[in-house]
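Visitor: Supplied in structure tokens, the structure appears directly below.
The values are calculated or read from the model by the stated rules, or taken from the named source; none is laboratory data. The model shown is predicted, which means the values in this text are computed figures rather than measured ones. A quick note on method: Cβ atoms are made from the backbone with ideal geometry, for glycine too, and the neighbour counts reach across all protein chains shown.
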Amino acid sequence: MRQRSLVILTSVLATGALTLTACGSRDNSSGKSGDSGSSSTFTIGVDAPLSGENSNTGLGIQYGSQIAVDDANKNNWVPGVKFKLKAYDDKAQPATGQSNATSITGDKTAIGAVGPLNSGVAQSMQQVFASANMVEISPSNTNPQLTQGKNWQTAKSRPYKTYFRTATTDELQGSFAADYAYNGLKKKKAFVVDDKQTYGAGLAKIFNEKFTAAGGKVVQTDHVNAGDKDFGSLVTKIKNSGADLLYYGGQYDESALITKQLKDAGVKIPLFGGDGMYATAYTDVAGKQAEGDLATAIGVPADTLPAAKTFISTYKAKGYKGDYRGYGAYAYDATTAIIKAVKAVKDANGGKLPSDINDLRSKIVDEVGKSDFQGITGKVSFDQYGDTGNKQLTVYQVVNGEWKAVKTGTAS
Amino acid sequence: MSGIGPVEPVNTAETDDSYDIIGADAPRLADRLTARWHTLPARTRRTALATAVITLSTIAILLAPTAGSPDHADPYTPMPWPANVTEWRYLGTAAPLNSHATSGLFDFEVSVDNGPPVTLTVADAAFAGLTAHATPEPDFTVLAGTSRRITVEISVSDCSGLPLKADLPFLDVTLRNTRAIQHHSFIFDGAYSRDLSKLLHRACRTRTPAQHPRPTGSARSQNAD
């Protein structure tokens with residue numbers, strides 16, 4: 001409670017200080033202005049794990065946003081306005097994410113943020129952005145609570161009007177995985193493990209419920225810690241359980257080691273996980289032992305989206321690190337939603353942006369909520385909770401060392 | 001763990017586009033055509049090749065003037081994958097469910113936004129104890145920019161293991177266009193979830209663990225162990 005009060009106090013002070021400053025940074029020398037002969041440059045913050053655990057997918061978010069900003073500047077999406085991206089490394093730690101959120105909202109040129117990767121990190125950042133009335137769009141958070149509240153299964157209630165996401169939720173993801181495990185793979189006995197994190201524990205719980213409802217049996221559940229390397233005792237439990245499937249709620253860092261140690265011990269059952277596992281790092285680390293493993297991920301395969309073709313070729317041509325496939329294209333669309341909102345605010349204000357940064361931020365939040373455009377992942381729009389209107393999912397399986405799509409799904 | 005793929009691209013003889021399959025066990029079309037080609041007599045193959053060369057040359061000559069004119073040059077439009085352009089919307093039950101119903105008729109509106117026509121086959125319905133097929137024809141085609149009203153018959157073949165409440169029920173559909181074949185789930189909430197739950201409740205409310213009410217066929221799965 002005390003921590004929350006401090007967050008609010010810090011945010012209020014930062015917001016108050018910003019009202020005394022000019023809006024954006026003026027660059028009179030650019031000569032590419034719209035109405036006034038000058039151009040403004042605004043900052044979009046991107047927060048994700050950029051080093052250490054989860055950075056394979058986190059870097060995909062950073063560079064997905066970077067390509068959107070570059071496209072906006074190159075193609076003059078908002079006449080007279082330029083954008084720059086400032087990346088923040090949260091190291092997959094909630095406290096670091098909260099500190100980054102405070103830095104972003106305290107930046108007098110910042111008008112929105114993309115990220116974070118992890119749902120648990122998002123929980124620590126939402127209040128900061130809400131206090132500053134600044135939009136935050138995650139391309140990867142899937143925990144239902146973030147948009148629909150703690151009681152999302154019985155009484156949905158949006159906790160923060162400034163938070164949006166371009167990723168669909170684990171309610172769908174867990175259902176999709178359970179259906180494929182039971183009806184597609186014909187698995188009847190699942191051993192369910194999670195990493196005790198907001199995302200992992202939430203997804204594992206939903207899979208557990210849906211797999212049981214479909215007719216399967218969860219023979220045992222267990223937990224690991226993020227950062228663990230030795231899963232010997234877990235492997236023994238799985239071996240003795242008679243399970244024909246291991247479901248894991250968590251990230252690729254741990255699941256790649258679990259599947260390796262599991263197969264090395266002679267337990268030849270597939271490991272099935274969520275979008276946190278859909279990364280090249282998983283197959284790189286687990287090697288041949290990952291063969292046949294599965295993961296659900298948000299959206300449809302990027303290479304089936306004609307509009308994402310240029311994005312993928314740019315990402316590769318630039319030699320960006322990380323893996324774009326999980327969330328890169330969704331980060332591109334999240335960033336584009338913010339940029340398009342800036343344009344909408346400008347158009348609605350007689351071709352000028354509000355001079356007060358707090359007013360601008362507030363109006364951007366409103367315009368993001370009205371988003372309705374064709375992004376590179378499909379139609380970009382948000383419902384009354386801030387959830388994406390694009391509710392697509394894919395089941396991937398490791399075939400010959402690479403993730404291959406085996407089934408897609410769309411919720412209406 | 002066999003029978004999950006193949007998922008590799010397949011080259012067609014009809015176009016230069018790769019023809020991809022997601023989640024389907026189908027032989028490569030190019031392999032089938034190649035095998036068939038080699039069974040033809042040498043004279044037939046020579047005649048076919050000559051005909052193809054003449055035809056392609058004629059087409060090239062006819063198209064050359066328009067292709068070179070900027071006024072007539074069409075921008076490249078990528079061929080969409082069928083799942084990315086196909087939408088299903090639940091309309092309601094086609095007929096009221098009677099009190100002991102073991103099957104029901106459900107109406108959907110299927111639309112294709114753009115691209116080539118999409119041919120659809122309803123394959124499965126959420127749970128192993130259910131079967132589903134479109135009526136009157138199991139396969140149907142929807143043209144780009146159009147919608148079709150489709151009736152799907154869902155039958156309860158085995159109550160054991162079936163829940164009485166269907167949260168987020170699926171309809172598994174195979175989608176085909178000239179770009180790809182995709183096995184795709186359409187996932188519904190709201191009215192379809194309620195109506196399907198009503199059918200499950202009426203068919204299975206008095207079930208015993210071994211009860212099998214009026215089997216109407218086994219559920220077809222796309223993938224097997």
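Visitor: In the range A:372-412, which residues are without any contact (Cβ under 8 Å) to a residue 60 or more places away in the chain, more than 13 Å from chain B (Cβ to nearest Cβ) and in contact with a Lys or Arg (Cβ under 7 Å, 6 or more places away or on another chain)?
Guide: Answer for the range A:372-412, where residues must be without any contact (Cβ under 8 Å) to a residue 60 or more places away in the chain, more than 13 Å from chain B (Cβ to nearest Cβ) and in contact with a Lys or Arg (Cβ under 7 Å, 6 or more places away or on another chain): just A:Phe373.
Visitor: Can you tell me how many residues within the range A:366-376 are touching a Ser or Thr at 6+ places or on another chain (Cβ under 7 Å) and surrounded by 22 or more Cβ atoms within 10 Å (Cβ to Cβ)?
Guide: 2
Visitor: What tally of residues in the range B:106-123 results from selecting those that are surrounded by 15 or more Cβ atoms within 10 Å (Cβ to Cβ) and assigned to a strand (DSSP E or B)?
Guide: Residues that pass the stated criteria total 12.
This table checks each residue for (1) within 18 Å of A:Ser131 (Cβ to Cβ); (2) part of a strand (DSSP E or B); (3) modelled with pLDDT of 95 or more.
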{"site": "A:Thr96", "(1), (2), (3)": "no, no, yes"}
{"site": "A:Ala101", "(1), (2), (3)": "yes, no, yes"}
{"site": "A:Ile104", "(1), (2), (3)": "yes, no, yes"}
{"site": "A:Ile111", "(1), (2), (3)": "yes, yes, yes"}
{"site": "A:Leu117", "(1), (2), (3)": "no, no, yes"}
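Visitor: Among the residues of the range B:107-166, write down those that are of a type in the set (Phe, Trp, Tyr), in contact with a strand residue (DSSP E or B) (Cβ under 7 Å, 6 or more places away or on another chain) and within 14 Å of chain A (Cβ to nearest Cβ).
Guide: Correct list: B:Phe108 only.
Visitor: Farther than 28 Å from B:Ser185 by Cα and either in contact with a Leu (Cβ under 9 Å, 6 or more places away or on another chain) or buried (at least 24 other Cβ atoms within 10 Å of the Cβ) (or both): is that true of A:Phe231 in this structure?
Guide: Numbers: farther than 28 Å from B:Ser185 by Cα: yes; either in contact with a Leu (Cβ under 9 Å, 6 or more places away or on another chain) or buried (at least 24 other Cβ atoms within 10 Å of the Cβ) (or both): yes.
Yes.
Visitor: OK, next. What helices (runs of 4 or more DSSP H) lie completely within the range A:308-384 and have 1 or more residues being out of contact with any strand residue (DSSP E or B) (no Cβ under 7 Å at 6 or more places or on another chain) and under 21 Å from A:Gly64 (Cα atoms)?
Guide: Working: elements: A:309-318, A:324-348, A:357-369.
Qualifying helices (runs of 4 or more DSSP H): A:309-318, A:324-348.
Visitor: If you go through the range A:157-200, how many residues are of a type in the set (Ser, Thr, Tyr) and in a loop (DSSP other than H, G, I, E, B)?
Guide: Within the range A:157-200, residues that are of a type in the set (Ser, Thr, Tyr) and in a loop (DSSP other than H, G, I, E, B) number 6.
Visitor: In addition: Can you pull out the residues in the range B:84-106 that are within 12 Å of chain A (Cβ to nearest Cβ) and either touching a Pro at 6+ places or on another chain (Cβ under 6 Å) or farther than 16 Å from B:Arg148 by Cα (or both)?
Guide: Within the range B:84-106, B:Asn84 is the sole residue that qualifies.
Visitor: Sticking with this structure for a sec: Taking the options B:Gly145, B:Gly161, B:Gly129, name whichever one is crowded, with 19+ Cβ neighbours inside 10 Å and of a type in the set (Gly, Ala, Ser).
Guide: B:Gly129
Visitor: (1) modelled with pLDDT of 95 or more; (2) among the hydrophobic types (A, V, I, L, M, F, W, C); (3) not in a strand (DSSP E or B): which one isn't true of B:Leu175, the others all being true?
Guide: (3)
Visitor: Are any of the residues in the range B:157-168 at negative phi, assigned by TED's automatic domain parsing to the domain that holds B:Leu130, in a strand (DSSP E or B) and touching a Leu at 6+ places or on another chain (Cβ under 8 Å)?
Guide: No, that holds for no residue.
Visitor: While we're here: One residue is enough: does the range A:210-226 have a residue meeting the conditions within 13 Å of another protein chain (Cβ to nearest Cβ), assigned to a helix (DSSP H, G or I) and under 27 Å from the mean Cα position of the chain (by Cα)?
Guide: At the first step, the residues of the range A:210-226 found to be within 13 Å of another protein chain (Cβ to nearest Cβ) are A:210-217.
Right, trim to assigned to a helix (DSSP H, G or I) and you get A:210-214.
Checking the rest, the ones that are also under 27 Å from the mean Cα position of the chain (by Cα) come to A:210-211.
Among the residues of the range A:210-226, at least one is within 13 Å of another protein chain (Cβ to nearest Cβ), assigned to a helix (DSSP H, G or I) and under 27 Å from the mean Cα position of the chain (by Cα), which makes the answer yes.
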